[in-house]
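A.B. asks: A single structure is presented below for examination.
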Amino acid sequence: MQTLYQYIKDKVELEGKKISENPYILQIKAGKGPLVLYGAGSVGHAVFEYLLEQGIEADFFCSGLNGGYIDDATGKEVLKREDLKRHTNSSVILTIGDTASEKEKEEICNSLCDMGVERERIYRKGWFENKVPYQKMLECFPQIKKVYDMLADEKSKEIYKKRLYYMLEYSTVDFQQKSSMYIDREILNFGNEETIIDAGAWIGDTAELFLNEIGQGCRVYSFEPDEKNYAKLVENMRDRTDVFTENLGVWDSKQELFFAEKGNGSSHVNNERDVREGIRVKTIDLDTYCEKNSIVPTYIKMDIEGAEYKALCGAKKMIAMHRPKLAICIYHSFEDFYTLPLLIKKLNTEYKLYIRHYSDCEVDTIVYAV
């Protein structure tokens with residue numbers, strides 16, 4: 001950790017608050033022809049928003065599964081894969097889901113090349129992400145060091161350190177876990193009966209994961225505030241008697257908040273209170289919900305687009321009393337990398353903390369508490 005500190009300190013002395021310009025953005029701006037995002041899910045939309053911040057508007061999405069429709073969130077046409085034969089002069093960014101393996105991504109690259117797209121104009125999504133200024137990380141380094149020192153194993157410390165480097169530089173992810181996200185048995189032990197809080201349920205993918213991987217003895221309480229996602233969640237779980245769905249956001253209290261409803265995995269609380277971009281949603285704190293419904297959770301998973309701190313505060317009684325296993329996403333902001341682990345340890349000092357990372361880019365970094 002001392003090496004990382006010195007590296008950041010040297011960078012600040014040499015460059016101040018400057019962030020090196022993304023070389024891939026420069027290539028995209030210099031290129032000719034349309035820009036296509038290959039993958040029309042939440043990852044594709046996140047890259048779309050990042051590119052807009054850089055003054056670049058993607059021309060199309062492309063879906064390897066379907067296509068031939070207009071994307072609701074952006075108004076962009078979603079091409080079918082074969083449509084790319086008509087756009088061989090395109091620049092293509094792979095924005096497929098993080099469950100795809102490196103082999104699958106390489107196969108997609110090869111198929112695009114077979115269609116006529118130039119290899120040097122095919123990009124990975126991990127090359128298009130915001131980086132943290134060196135000065136900002138230096139200022140927060142005492143908290144970062146505190147988290148590093150409390151991590152329970154050397155693997156966590158190595159992943160945490162590499163993940164911090166990745167926030168600063170355009171580099172390759174070489175610390176991606178091969179095990180299942182949220183079901184990492186290197187860290188987690190599950191019994192025959194688990195009571196699971198699934199905060200940020202989307203359309204039920206994690207509920208299915210829990211039921212399939214842990215077993216039919218578990219019950220899942222799925223919280224999803226986005227009405228479009230919730231409708232799909234209810235439909236997908238209609239035959240499940242062990243999944244209980246709630247059209248609620250998880251917060252530190254019961255109230256109504258403005259919410260940016262995206263209809264995908266990136267829906268989030270809209271702190272700007274811009275009613276043109278959001279709707280009102282109801283929230284609940286887990287302490288109140290669990291007490292009212294006589295629930296004692298054994299496992300809490302949170303992937304709620306930056307609302308994790310508030311939600312953990314709303315579960316402080318449960319965490320202190322029952323010590324459920326925790327899997328909390330910390331990748332939504334730089335601050336989450338130190339504020340969330342420190343909060344968890346404050347809520348219950350008996351927890352052991354582990355860090356794992358499950359993608360080839362900035363998403364899917366988890367702190368586990370057991």
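A.B. asks: Go through the range 39-61 and count every residue that is at pLDDT below 95, of a type outside the set (A, V, I, L, M) and under 27 Å from Ile203 (Cβ atoms).
C.D. replies: 8
A.B. asks: Which residue pairs have Cβ atoms closer than 9 Å, lie 6 or more positions apart in sequence or on different chains, and pair a first residue in the range 287-315 that is of a type in the set (Gly, Ala, Ser) with a second residue that is surrounded by fewer than 24 Cβ atoms within 10 Å (Cβ to Cβ) and part of a helix (DSSP H, G or I)?
C.D. replies: Filtered contacts from the range 287-315: Gly306/Asp336; Gly314/Asp287; Gly314/Thr288; Gly314/Tyr289; Ala315/Asp287; Ala315/Cys290; Ala315/Leu347.
A.B. asks: Does the range 140-151 contain at least one residue that is out of contact with any Pro (no Cβ under 6 Å at 6 or more places or on another chain), in a helix (DSSP H, G or I), basic (Lys, Arg) and farther than 27 Å from Thr349 by Cβ?
C.D. replies: no
A.B. asks: From the residues in the range 219-229 that are at pLDDT 95 or above and over 17 Å from the mean Cα position of the chain (by Cα), which one is nearest to Trp202 (Cα to Cα)?
C.D. replies: Ser222
A.B. asks: Those residues that are surrounded by fewer than 21 Cβ atoms within 10 Å (Cβ to Cβ) and either in contact with a Leu (Cβ under 6 Å, 6 or more places away or on another chain) or among the basic types (Lys, Arg) (or both), I need them from the range 62-102; list them, please.
C.D. replies: Gly67, Lys76, Lys80, Arg81, Lys85, Arg86
A.B. asks: Also: Hey, could you check the range 317-370 for residues that are closer than 20 Å to Arg163 by Cα, at pLDDT 95 or above and of a type in the set (Asp, Glu) and say which is farthest from the chain's Cα centre (by Cα)?
C.D. replies: Within the range 317-370, the match that is farthest from the chain's Cα centre (by Cα) is Glu335.
A.B. asks: Given the conditions (1) open to solvent by less than 40 Å² (accessible area, probe 1.4 Å); (2) modelled with pLDDT of 95 or more; (3) under 30 Å from Asp198 (Cβ atoms), report the number of the one that Gln177 does not fulfil.
C.D. replies: (2)
A.B. asks: Out of all the residues in the range 303-316, which are in a helix (DSSP H, G or I) and not aliphatic (A, V, I, L, M)?
C.D. replies: Listed by number, the residues that qualify are Glu308, Tyr309, Lys310, Cys313, Lys316.
A.B. asks: Also: Kindly list the number of the only condition in (1) assigned to a helix (DSSP H, G or I); (2) buried (at least 16 other Cβ atoms within 10 Å of the Cβ); (3) in contact with a helix residue (DSSP H, G or I) (Cβ under 8 Å, 6 or more places away or on another chain); (4) not basic (Lys, Arg) that fails for Tyr166.
C.D. replies: Among (1) assigned to a helix (DSSP H, G or I); (2) buried (at least 16 other Cβ atoms within 10 Å of the Cβ); (3) in contact with a helix residue (DSSP H, G or I) (Cβ under 8 Å, 6 or more places away or on another chain); (4) not basic (Lys, Arg), Tyr166 violates only (3).
A.B. asks: Identify, from the list Lys161, Lys85, Lys178, the residue that is out of contact with any strand residue (DSSP E or B) (no Cβ under 9 Å at 6 or more places or on another chain) and closer than 30 Å to Gly31 by Cα.
C.D. replies: Lys85
A.B. asks: Here are Ile300, Ile319: which of them is in a helix (DSSP H, G or I) and in contact with a Leu (Cβ under 8 Å, 6 or more places away or on another chain)?
C.D. replies: Ile319 is the lone residue from the list that is in a helix (DSSP H, G or I) and in contact with a Leu (Cβ under 8 Å, 6 or more places away or on another chain).
A.B. asks: Name the residue that is surrounded by the fewest Cβ atoms within 10 Å (Cβ to Cβ), counting only residues in the range 195-238 that are among the aliphatic types (A, V, I, L, M) and free of Cβ contacts under 8 Å to residues at least 24 places away in the same chain.
C.D. replies: Within the range 195-238, the match that is surrounded by the fewest Cβ atoms within 10 Å (Cβ to Cβ) is Ala231.
A.B. asks: Could I ask something else about it? Could you please let me know if Leu112 is open to solvent by less than 40 Å² (accessible area, probe 1.4 Å) and either under 17 Å from the mean Cα position of the chain (by Cα) or more than 29 Å from Gln27 (Cα to Cα) (or both)?
C.D. replies: no
A.B. asks: Any chance the range 122-134 includes a residue that's in a helix (DSSP H, G or I) and touching a strand residue (DSSP E or B) at 6+ places or on another chain (Cβ under 7 Å)?
C.D. replies: The answer is yes, given that some residue of the range 122-134 is in a helix (DSSP H, G or I) and touching a strand residue (DSSP E or B) at 6+ places or on another chain (Cβ under 7 Å).
A.B. asks: Residue pairs, Cβ under 9 Å, 6 or more apart or interchain, first in the range 325-343 and without any contact (Cβ under 8 Å) to a residue 60 or more places away in the chain and outside any strand (DSSP E or B), second surrounded by 21 or more Cβ atoms within 10 Å (Cβ to Cβ) and small (Gly, Ala, Ser). List them.
C.D. replies: His332/Ala307
A.B. asks: For Glu106, which of the numbered conditions (1) in a helix (DSSP H, G or I); (2) under 23 Å from the mean Cα position of the chain (by Cα); (3) surrounded by 14 or more Cβ atoms within 10 Å (Cβ to Cβ) fails to hold?
C.D. replies: (3)
A.B. asks: Additional query: Residue under question is Met150, and the condition is that it be touching a helix residue (DSSP H, G or I) at 6+ places or on another chain (Cβ under 8 Å) and open to solvent by 40 Å² or more (accessible area, probe 1.4 Å); does it hold?
C.D. replies: Yes, satisfied.
A.B. asks: Can you spot a residue in the range 15-26 that is under 26 Å from Gly116 (Cα atoms), open to solvent by less than 30 Å² (accessible area, probe 1.4 Å), at pLDDT 90 or above and not aromatic (Phe, Trp, Tyr)?
C.D. replies: Checking the range 15-26: not a single residue is under 26 Å from Gly116 (Cα atoms), open to solvent by less than 30 Å² (accessible area, probe 1.4 Å), at pLDDT 90 or above and not aromatic (Phe, Trp, Tyr).
A.B. asks: Within the range 48-61, track down each residue that is open to solvent by less than 60 Å² (accessible area, probe 1.4 Å) and within 21 Å of Asp83 (Cα to Cα).
C.D. replies: If the condition is that a residue be open to solvent by less than 60 Å² (accessible area, probe 1.4 Å) and within 21 Å of Asp83 (Cα to Cα), then Phe48, Ala58, Phe60, Phe61 are the ones that fit.
The values are calculated or read from the model by the stated rules, or taken from the named source; none is laboratory data. Only a predicted model underlies this, so the values are computations on that prediction, with no experimental measurement involved. Ideal geometry is used to build each Cβ from the backbone, glycine not excepted, and the neighbour counts take in all protein chains shown. Each accessible area value is taken on the protein alone, full model and side chains, heavy atoms only, with ligands, DNA and RNA left out. Shrake-Rupley method; radii C 1.70, N 1.55, O 1.52, S 1.80 Å.
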